[in-house]
Every structure is written in C-alpha cells, then in structure tokens.
Amino acid sequence: MADITLYSKSACPFCERAKALLASKGQRFTEIDVEADPATLDEMLARSGGQRTVPQIFIGERHIGGFDELAALDRAGELDALLESAGKQRATTDAPPEPERTRVLIIGSGPAGYTAAIYAGRAELEPVVLAGLEFGGQLMLTTDVENYPGFPEGVTGPGLMDMLQKQAERFGARVLCEDALRADFSKRPFRVETERHAFLADAVIVATGASAKWLGLPSEQRLMNRGVSACATCDGALYRDREMAVVGGGDTAIEEALFLTRYATKVTIIHRRDELRASKIMQERAKQNERIEFLWDSAVDEVLGEDEVRGVRIRNLKSGAASELSVGALFVAIGHQPNTALFAEQLEMDDVGYLKVESGTTRTNIEGVFACGDAMDPVYRQAVTAAGTGCMAAIDSERWLSEAAD
Ligand SMILES: Cc1cc2nc3c(=O)[nH]c(=O)nc-3n(C[C@H](O)[C@H](O)[C@H](O)COP(=O)(O)OP(=O)(O)OC[C@H]3O[C@@H](n4cnc5c(N)ncnc54)[C@H](O)[C@@H]3O)c2cc1C
C-alpha cells in the first residue's frame, strides 16, 4: 500500500474529490486537517514549497499538488503506476474490459445528470451514471446556493449534490466516479468506455456540463467563493454593498456587470482591449449606467486579499504600468467551455461546443442520444434549468426506448 498524505480542511470540495478518487483505487491515505493544528499548516507549507491551497497530496515523498494534478495524472494513466511503484498493487488489469449491457447510460453527475438518473431510475431503467472524476459538477465549487427551489434557507452546493446523488441511488442508479474516455455512437447499442469499464447502452444521456474559463491565477483559485466567482446571478447578492469588478468584454460580461449594479456600490469592467466585443445595445446600456466604469487595455495579474477579496492588481497592457483596484468581489466573465470534446464528429454542436438539440426536446442528431444541462444550454446555465432538462432527457429517452421496442 502506497504511503499517501492528504492535507485538507473542512468544507473543501476538492479534498472530497481527491479522497473519492483515491478511495476508488482502493487506496488508504493519511488525512491531516490543517485547520485543527497550526503546526500541520506549517508542515504542509514546508513540504509543498509554500502552497496554501488544500488539498495538498503526497505519494511517498513525491509532491503531487491538488486534486487537479491528481486527476491529470489519472487521466494520463500514470497514477496507477505511481501508486504501484510506491507500494500498491496495480488497480487495473491490462485486459480490455468486458462490456456490460445497460438500458440507459448517463454521462455526468451535475444537477442535469442526477435528475435524469432520478427519473430514469423511477422508470425502472436501472441507469448507470458515469459521474466523472469531478463528480457532483460545478456546484461542488460553491458554498451557498440560494436560488434552488425548495430550500428557503439556502443549501450548500456539495450538500445539494450529495442529496441528489442519494435520491438517484435510492431509485436504483449505479454511480461510478469515472470519466467516459471513449464514446462510439456510430451503431446501436452505443459503446462508452472508461478506464476500467465498458458499457453497451440502448440510450445515452449526455450531461457533461460546461466549465467556466478562469484567469489561471493561483490567487484566483485561493479566493474562489471568497469573493471570486464566475456567476453574478448565483453570487452577486452575497457581496452586497461592495465595489465589484468584472473581467471580460463580451455580452456575458456586460450582462453580469448590469446585474451586479443591483448590489454593488460600483462595478468596474476590466477589459484587455479598448473596445467591447458585446453587442451595441448592451454596450449602450452599460455606458449609460452610472454605477459602471471601464478599465481599458488592462489585465488582472493578481487577486489581492488573505481570506477574502480586497482588490486586484492590474497591468496596463499598453504601458505595462501596474496599479491596484480596491474591490470586494471579482467576477470572471471570459466565457464557458462545454465539456463536449469527447463527442466531436459525432454529435452536432455550435462553434463554441454547445450540443445542438431538436427545439423543445433533448434529442440530438443521433437517435437514442440525448443532451441536457449546461452542455446544451448557452443561455441560462443554472442548476434548476439543468435539472429541468435532465428530467426532459430521461422522459425523452424512456419514450424513445418504448417506441423502439414496439
Ligand atoms: C462557482 C459556481 C457557483 C454557481 N452557483 C450557482 C447557484 O447558486 N445557483 C445556480 O442555479 N447555479 C449556479 N451555478 C451554475 C450551476 O452550477 C450549473 O448551471 C449547473 O451545475 C449545470 O449542471 P450540469 O448538470 O449541466 O453540469 P455540471 O454541474 O457542470 O456537471 C457536469 C458533470 O459532468 C461530468 N463530466 C464531464 N465530462 C465527463 C466525462 N467525460 N465523463 C464523465 N463525466 C463527465 C463532470 O464530472 C460533472 O459531474 C454555479 C456555477 C459555478 C461554477
């Protein structure tokens, strides 16, 4: 058994993901809560070269990094070998997996995937959910969800996803925390493979979501949910009465900024160029709003603050001059990337990668393959709309399976 140390703290979704990934490989680990004892935080800082974010993972003496680095090693097929060389027997065999037959295979475990699983489970279709290494989806990245119906006091993102998973399992869904690596929709049954399993499915529901694009700064990641966000509708109200900044220059950035003026004392739009990409009408609305200011030709180099956002360090891209802007929240609005690359050449998608569905349904261009949630929704991108289309996908697939059987 490899000697693994995982430094963590409470309410840390990436720690949970890292623990689940290691557990899925039958791997035990020593977990050290850095909040419980200040000495362990010093130990983690010393071992990791000053990394303050958790988790920090070590296999033997090798510093892996956080969950993203651990998952990247797994995706590259290197994690098993590393665990083996650190003392663990290989978790997988080299033989190709024998395919299992299933009626409905759901790829993705955000609100769309789990809602599809609840409906498909209740229709006695015994769905298999490939939850992915980033199981639970985007809501695992947030603390407070205040707009999901049925929770008058709000609910935490990980808490909501845990409840949705349990509800799906209660109706017979089998949940595997594995990524779909290959999908062949050229003939039925459809074949989908993970590293350890292969499935032949009569119907497939794609619920792989979309990922917000981030600036890629360590300080941005450290202050995520502590003033850094990619969703004004979701988080704007949490930072009421503060000055705020929005990064971006497209329609989404302007929409976010206009929405934030309900709560912010001032909103500064930080844009790399000296003109916006947004439509003329949106530009006009922003320019006429007294609470919105623009910082042109500028990029954010660092998000400032220890425990919450206190400001941003800006660099003027023309002059190179650095300056600081004092804000209490930063909204990154530089686009989303649907997680649909796996289905390129098979499923129709738009230029960005959003899956195309027949209007008013979740049917894709391939009969028997359905799409729901953020992976097919460039407009709303909310948990409740994802759950809604997840429900539609399960009903569409159940009806299609019944018709195909007649
Ligand atoms: C920080 C943050 C805060 C938010 N707050 C709110 C809020 O307060 N209220 C609200 O309504 N919305 C909020 N949202 C938006 C909301 O999270 C999304 O609209 C919603 O999660 C979309 O659900 P989904 O099921 O379509 O996809 P996601 O939640 O993105 O889930 C996609 C799933 O697909 C899986 N997956 C991807 N590729 C593969 C693969 N190849 N194989 C297997 N699995 C795969 C992933 O692991 C993941 O489980 C927030 C988003 C963010 C980022």
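The values are calculated or read from the model by the stated rules, or taken from the named source; none is laboratory data. Model, not experiment: these values are computed from the prediction. When we count neighbours, we look across all protein chains shown, and the Cβ atoms used for this are built from the backbone with ideal geometry, even at glycine.
Yes/no per residue for (1) of a type in the set (Val, Ile, Thr); (2) crowded, with 18+ Cβ neighbours inside 10 Å; (3) touching a His at 6+ places or on another chain (Cβ under 7 Å):
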{"site": "ALA253", "(1), (2), (3)": "no, yes, no"}
{"site": "LEU260", "(1), (2), (3)": "no, yes, no"}
{"site": "ALA264", "(1), (2), (3)": "no, yes, no"}
{"site": "VAL267", "(1), (2), (3)": "yes, yes, no"}
{"site": "ASP274", "(1), (2), (3)": "no, no, no"}
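Being without any contact (Cβ under 8 Å) to a residue 60 or more places away in the chain and hydrophobic (A, V, I, L, M, F, W, C) is the filter; apply it to the range 337-357 and report the residue that is nearest to THR252 (Cα to Cα). Taking the candidates together, the pick is VAL352.
Considered as a group, the residues in the range 297-318 that are aliphatic (A, V, I, L, M) and not in a loop (DSSP other than H, G, I, E, B) include one that is surrounded by the fewest Cβ atoms within 10 Å (Cβ to Cβ), and that residue is ALA299. Close contacts from the range 389-406, counting a first residue that is under 13 Å from VAL369 (Cβ atoms) and a second that is assigned to a helix (DSSP H, G or I), with Cβ to Cβ under 6 Å and a gap of 6+ residues or different chains, come to ALA393/ALA116. Filter the range 92-135 down to the residues that are among the charged types (D, E, K, R) and in a loop (DSSP other than H, G, I, E, B), then identify the one that is nearest to the ligand (Cβ to nearest atom). The extreme case among them is GLU134. The set of residues in the range 383-403 that are surrounded by fewer than 18 Cβ atoms within 10 Å (Cβ to Cβ) and within 10 Å of the ligand (Cβ to nearest atom) comprises VAL384, THR385. Here is a check on your reading of the model: is VAL352 in contact with a His (Cβ under 9 Å, 6 or more places away or on another chain), more than 11 Å from the ligand (Cβ to nearest atom), in a loop (DSSP other than H, G, I, E, B) and more than 19 Å from GLY113 (Cα to Cα)? In short, yes. Scan the range 67-87 and tell me whether some residue there is at pLDDT below 80 and assigned to a loop (DSSP other than H, G, I, E, B). Scanning the range 67-87 turns up at least one residue that is at pLDDT below 80 and assigned to a loop (DSSP other than H, G, I, E, B). Just one of the numbered conditions (1) without any contact (Cβ under 8 Å) to a residue 12 or more places away in the chain; (2) more than 24 Å from VAL228 (Cα to Cα) is not true of GLY154: (2). If you check PHE294, PHE370, PHE343 for being aromatic (Phe, Trp, Tyr), out of contact with any Cys (no Cβ under 6 Å at 6 or more places or on another chain) and either within 22 Å of ALA232 (Cα to Cα) or surrounded by fewer than 17 Cβ atoms within 10 Å (Cβ to Cβ) (or both), only one passes: PHE294. Note on the range 308-359: residues that are more than 30 Å from ARG240 (Cα to Cα) and of a type in the set (Lys, Arg) amount to 2.
Conditions tested, residue by residue: (1) under 20 Å from ASP162 (Cβ atoms); (2) surrounded by fewer than 13 Cβ atoms within 10 Å (Cβ to Cβ); (3) of a type in the set (S, T, N, Q).
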| residue | (1), (2), (3) |
| --- | --- |
| PHE14 | yes, no, no |
| ALA18 | yes, no, no |
| ASP37 | no, yes, no |
| LEU45 | no, no, no |
| VAL54 | yes, no, no |
| GLY60 | no, no, no |
| LEU83 | no, no, no |
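Taking ALA72 as the residue in question, decide whether it is more than 30 Å from ASP144 (Cα to Cα) and either touching a Lys or Arg at 6+ places or on another chain (Cβ under 7 Å) or surrounded by fewer than 20 Cβ atoms within 10 Å (Cβ to Cβ) (or both). Judged against the criteria, ALA72 is not a match.
Selection over the range 21-37 of residues that are assigned to a loop (DSSP other than H, G, I, E, B), without any contact (Cβ under 8 Å) to a residue 60 or more places away in the chain and within 23 Å of GLY77 (Cα to Cα) gives a count of 2.
In the condition set (1) in a loop (DSSP other than H, G, I, E, B); (2) without any contact (Cβ under 8 Å) to a residue 60 or more places away in the chain; (3) touching a helix residue (DSSP H, G or I) at 6+ places or on another chain (Cβ under 9 Å), ALA18 is compliant with all but (1). Screening ALA393, ALA375 for residues that are within 17 Å of ALA212 (Cα to Cα), of a type in the set (A, V, I, L, M, F, W, C) and not in a loop (DSSP other than H, G, I, E, B) leaves exactly one candidate, ALA375. When restricted to residues that are touching a helix residue (DSSP H, G or I) at 6+ places or on another chain (Cβ under 9 Å), polar (S, T, N, Q) and assigned to a loop (DSSP other than H, G, I, E, B), the range 243-293 contains 2. Checked against the criterion of being in contact (Cβ under 8 Å) with a residue 24 or more places away in the chain, outside any helix (DSSP H, G or I) and not hydrophobic (A, V, I, L, M, F, W, C), the range 321-332 has at least one qualifying residue.
The strands (runs of 3 or more DSSP E) falling completely within the range 136-227 that include 3 or more residues that are on the phi < 0 side of the Ramachandran plot and within 11 Å of the ligand (Cβ to nearest atom) map to 210-212.
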